[in-house]
Amino acid sequence: MSAPGHRPAKAAAPYPRRRAALARALRAAGGGIALLPTAPEVARNRDSHYPYRHDSYFHYLSGFDEPEAWLAIDASGHTTLLCRPRNLEREIWDGIRLGPKAAPMALGVDAAHSIEELDEVMPKLLANQPAVWFPFATHAALESQIDGWLGKLRARVRLGVECPGSQHDLCKLLDEMRLIKDRHEIGIMRRAGRIAAQAHVRAMQTSAAMLRAGLDAREYHLDAELLHEFRRQGSQFPAYTSIVAAGANACVLHYRAGAARLKAGELCLIDAGCELDGYASDITRTFPADGRFTPAQRQLYDLVLAAQEAAIAATRPGRRFLDPHQAAVRVLAEGMLEVGLLNKKQHGRPDDVIASGAYRQFYMHRTGHWLGMDVHDCGDYTEPRTRAREEVDATGERVMRRPSRVLRPGMVLTLEPGLYVRPAKGVPREFWNTGIRIEDDALVTPGGCELLTRGVPVQADDIEALMRG
C-alpha cells in the first residue's frame with residue numbers, strides 16, 4: 001500500500017516551459033495568480049486506498065506525482081509548490097517523499113513550502129494580485145477554500161492590502177495549452193500506443209489458442225492478458241476500464257469484461273488502452289473469437305473499416321473536428337442501405353438517412369474525441385471566438401452551434417466508427433447481435449495524420465492471419 005515515489009530531477013523536462021507559457025497567458029488576460037491542487041487520495045474501503053493518480057492539470061505543469069500538493073504560478077512566472085514534508089516514520093510505510101527542501105532543485109520551481117503551511121502561505125501569495133485563476137468544478141470544496149483565503153485578505157484591506165478583484169476558470173487557459181501536444185507528449189503517446197497495440201495482439205492470439213485447445217475461454221481471460229501486457233511493458237495503469245465484450249455483449253457500448261464465454265462463430269470486441277507516464281492510449285478491435293470471420297461478419301466489418309478509412313482521410317490540418325465523423329457516417333449510411341440494415345424503399349438515399357438520423361439505430365456515438373492525459377481529454381470541440389449559428393439537428397430541434405474546431409498539427413483524436421446490430425423487425429437475422437467498432441489514435445501532422453496504434457492489425461485478412469499464428 002505504498003504511495004508512488006517522486007521522480008528525480010527533470011532538467012530537460014517540459015514543465016518549466018509550460019509554466020512560462022501559462023504565465024504569458026495570465027499576462028495576456030490581465031494578470032493574476034493561478035492556484036492548482038493535485039488530486040486527493042481516495043479510500044477504497046476501511047484500511048486501503050485506490051491506486052493514487054495525480055490531477056492531470058497539476059501534473060501537466062509540474063511532473064510531480066505525490067498527493068497533497070499545490071501549485072501557485074503568478075503572471076511573472078514565479079512558481080511556488082506546497083508538498084508533504086519529509087517524515088521518516090510515514091516514509092517507512094508509504095515511501096520516500098520529495099519534501100520542500102529538495103523540490104526547487106528537482107522540479108525547477110522557485111519556492112516550496114510544507115503543505116501544513118497552506119493556510120498561511122496562500123493568503124500571502126494572493127495579496128495584491130488583480131485576479132485569481134483556479135479550475136472551476138473540478139475539485140470538491142475548492143471554491144470555498146479559496147473564498148476563505150480571500151476573506152482573510154479582505155479583513156486587511158484597511159491596512160492597504162489589495163484583494164483579487166475577479167475569479168477566472170483556469171481550465172480555459174490550460175485546455176488550450178493541452179490541446180496541442182508537444183514533442184515530449186507525442187513521444188510518450190507513441191509508446192503508449194505501441195504497448196496497447198501489443199496487448200491487443202496478445203488478447204487476439206490467446207482467444208484463438210484457447211478455443212483451438214478446447215478450453216473454456218472467458219472475457220476475463222482476455223482482460224487478464226491485456227493487463228499483463230500493459231504492466232509488463234511499464235505502463236502504470238489501464239487508461240480506463242477495459243471493454244471485453246463477447247457476442248451480443250458488443251452491442252452494449254460501455255460493457256465491462258465479465259464472465260461470458262468466447263464462442264467459435266461469434267465476434268469479440270475489445271476496447272482497451274494503457275496509461276503511460278500520465279498519457280492515455282485508446283484502441284478498439286473486433287475479431288472472430290476463433291480466428292475466422294463468417295461471411296456476414298466480414299461484410300459488416302469491412303463496412304466499418306471503410307468508414308474508418310474515410311475518417312482517416314478527413315483528418316488533416318485545416319479540416320474540422322466533425323469532418324471525420326461526417327465522412328464515416330456517409331460511408332455507414334450507404335453501407336446500411338446496401339447490406340439491408342435499412343430498407344431503401346422506407347429510408348431512401350444516403351442523404352435521406354443522414355438527414356433523418358435513421359443511421360442512429362445502428363451507429364449512435366460520435367466518431368472520435370480528444371486524447372491526451374485523459375482518455376476523453378480536455379479541449380473545446382468548437383472553434384473559439386466564433387459566432388454561434390442556428391441549425392436543425394437530426395431530431396428536428398433548432399439548436400445554436402458554433403463551427404466545429406479546426407484541426408491543427410499536434411492535436412490527437414480517436415477515430416472510432418462502429419455498427420451495433422440488435423435483433424429488430426426488418427433487420428436481416430444473420431446480422432443480429434453483432435457489434436463492431438474499430439478505433440485508432442490519430443496525431444494530426446502537417447501533411448495529414450499519423451496513426452499511433454496500428455501495431456495491431458486492422459484488415460480482416462491480417463487479423464485472421466495473426467490469429468492463425
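Each reported figure results from applying straightforward, stated rules to the coordinates on display, with no laboratory input. A quick note: this is a predicted structure, and the numbers were derived from the prediction, not measured. Quick reminder, even Gly has a Cβ in these numbers, built from the backbone with ideal geometry, and neighbours come from all protein chains shown.
With the Cα gyration tensor of the stretch 278-319 giving a ≥ b ≥ c as the square roots of its eigenvalues, does the rule (a/c under 1.5 for rounded; else a/b larger than b/c for prolate; else oblate) give rounded, prolate or oblate? Note, shape of the stretch 278-319 comes out oblate. The simple Förster model, with R0 at 45 Å and r as the Cβ-Cβ distance, assigns Ala224 and Met105 a FRET efficiency of 0.60.
Phi angles across the stretch 136-141 convert, under the Karplus curve 6.51 cos²θ - 1.76 cosθ + 1.60 with θ = phi - 60°, into 3J(HN,Hα) values of 6, 6, 10, 10, 4, 6 Hz, Gly and Pro given as x. The slack in the chain from Val157 to His49, taken as 0.36 nm per residue of separation less the alpha-carbon distance, amounts to 34.6 nm.
The distance between label points at Thr138 and Arg408 comes to 1.9 nm (points 7 Å beyond Cα on the Cα→Cβ vector). With only the Cα atoms considered, the stretch 15-178 has a convex hull volume of 124 Å³ per residue. Spin-label model, Gln346/Glu391: points 7 Å from Cα along the beta carbon direction are separated by 2.7 nm.
Find the Cα radius of gyration of the chain, compare it with 2.2 N^0.38 Å by division, and give the number to two decimals.
Here the answer is 1.11, to two decimals.
Each residue of the stretch 39-44 was assigned a 3J(HN,Hα) from its phi angle through the Karplus curve 6.51 cos²θ - 1.76 cosθ + 1.60 (θ = phi - 60°); the sequence is 6, x, 6, 10, 5, 8 Hz, with glycine and proline shown as x.
Considering only Cα-Cα distances, which of the following residue pairs are longer than 21 Å: Lys101/Lys181; Lys101/Lys172; Lys124/Lys152? In this structure, Lys101/Lys181; Lys101/Lys172 lie more than 21 Å apart at Cα.
Using the Cβ-Cβ distance between Lys124 and Ala259 with R0 set to 51 Å, the FRET efficiency from 1/(1 + (r/R0)^6) comes to roughly 0.35.
Only helices at least 15 Å long along their own axis, judged from Cα atoms, and with Kyte-Doolittle mean hydropathy of 0.0 or greater: name those in the chain from DSSP H.
Sorted by number, the helices that extend far enough and score high enough are 295-313, 322-339.
With 0.36 nm allotted per residue and the present C-alpha distance subtracted, the Val252-Asp462 stretch has 73.0 nm of extension available.
In the chain, helical runs assigned H by DSSP with n ≥ 4 each contribute -39500 (n - 2.57); averaged across all residues and rounded to the nearest 500, the mean residue ellipticity at 222 nm is -11000 deg cm²/dmol. Kirkwood's formula applied to the C-alpha pairs of the stretch 360-438 gives a hydrodynamic radius of 15.6 angstrom.
Leaving out same-chain residues fewer than 8 places away, which lysines sit with a Cα under 30 Å from that of Lys425? Within reach: Lys263, Lys344, Lys345. The modelled label-to-label distance between Gln326 and Leu451, using points 7 Å beyond Cα along the C-beta direction, is 2.3 nm. Rounded to whole numbers, the Karplus 3J(HN,Hα) couplings from phi for the stretch 362-367 are 10, 9, 10, 10, 7, 7 Hz, using 6.51 cos²θ - 1.76 cosθ + 1.60 with θ = phi - 60°, and x at Gly and Pro.
Between the amide H of His113 and those of Leu81, Leu82, Cys83, distances stay under 5 Å, these residues lying 5 or more places away or on another chain, with hydrogens modeled in the peptide plane.
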